[in-house]
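See below for the structure under consideration.
The values are calculated or read from the model by the stated rules, or taken from the named source; none is laboratory data. Because the structure is predicted, anything quoted here is derived from the model rather than measured. Cβ atoms come from the backbone with ideal geometry, glycine included; neighbour counts cover every protein chain shown.
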Amino acid sequence: MNDPDGRGMLRRKAVTRALRSRPGQAGWQRLALRFARAGHGFWLDDCIDRASLLAYTTLLGIVPFAVVVFSLWNLVGFDDSLRIQLNELVLRSFMPSVGETVLRQIDRLAARGTQLGYFGVAGLAVTAILLIQAIERHLNAIWGVSPGSRWRRILRYLLILVFGPLGLAASLVLLGPIGAMLQWFGPLPKALTGLTALVAFSVEAGLLSLVYLSLPAARVTLRDAFLGGFAAALLLSSGKLLLGLYLRFSTFESLYGALAAFPIFLLWLFLAWCGVLFGAELAAAREGRAPAA
């Protein structure tokens, strides 16, 4: 939007100054002001539009990314039980109730993709890297930093593409014995469900924190990344709950029939990216930082 007289920038600076912490304020007041700065940045950085773009980009790149992940797992020698655990984790943490239909299709397409051979998987890896690049571009815009040198970025993409799936597999291997131990307490189904949900939430918050640490070209502290990751995971869980309530009382599924899963999945991707971008704004909302244009 054009702002030839600079009034928008003046308003932005005025709001930023008003949202700064004051000496002697309590910790909860400083945290509340940080959330206010994050909300201000979310609006000024056009994060709603960015979430829409990332939702469509994710819809196109999620299958190639899953193919690369499963191919890497097959190359290392992990069995199919990890894929089952990943499906359960994604359904429990990230997707609403209709996600099972979409996840089943993604899993089927990804299983086909692993049979393409090395050159086919390498071609899909390029698409997965483009997805990572799109996420990095929007995060850099939130932090207000330049992307850095091309070769350093390519190296970072490859490291994320290789060590990200391996780290996820390692976490799933560790969660397997925990799940088996929890199932030993059969007479406590409510406690089992709550503890399982807590473990899934912790994994979700940890993964989002790693995204904020590794992808932006800015220096992000562990404290800022974990704060943003926790808030984003909380927003994802809330969004999944609200979307489930909306679908329960709406005529969306009866209107679209069997095709309802994919527009609902696209809507969920949009809500999820809104939560992830707000978490990025919160991680970047340090004192004295003005939101990016």
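Numbers at a glance
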read-out: Cross-chain or 6+ apart pairs with Cβ under 9 Å, segment 208-221 first and without any contact (Cβ under 8 Å) to a residue 24 or more places away in the chain and farther than 19 Å from V162 by Cα, then surrounded by fewer than 24 Cβ atoms within 10 Å (Cβ to Cβ) and of a type outside the set (S, T, N, Q); value: T221/L213; T221/R286
read-out: Residues of segment 124-147 satisfying the condition of being exposed (fewer than 14 other Cβ atoms within 10 Å of the Cβ) and either at pLDDT below 80 or over 23 Å from D49 (Cβ atoms) (or both); value: V126
read-out: Residue identified as at pLDDT 90 or above, among the basic types (K, R) and either loosely packed, with under 14 Cβ neighbours inside 10 Å or more than 12 Å from the chain's Cα centre (by Cα) (or both) among R223, R286, R248; value: R223
read-out: Close pairs (8 angstrom Cβ cut-off, 6 or more residues apart or separate chains): of a type in the set (K, R) in segment 40-61, in a helix (DSSP H, G or I) anywhere; value: R50/H138; R50/A141; R50/W273; R50/L277
read-out: Tally of residues being of a type in the set (K, R) and at pLDDT below 85 across segment 176-220; value: 1
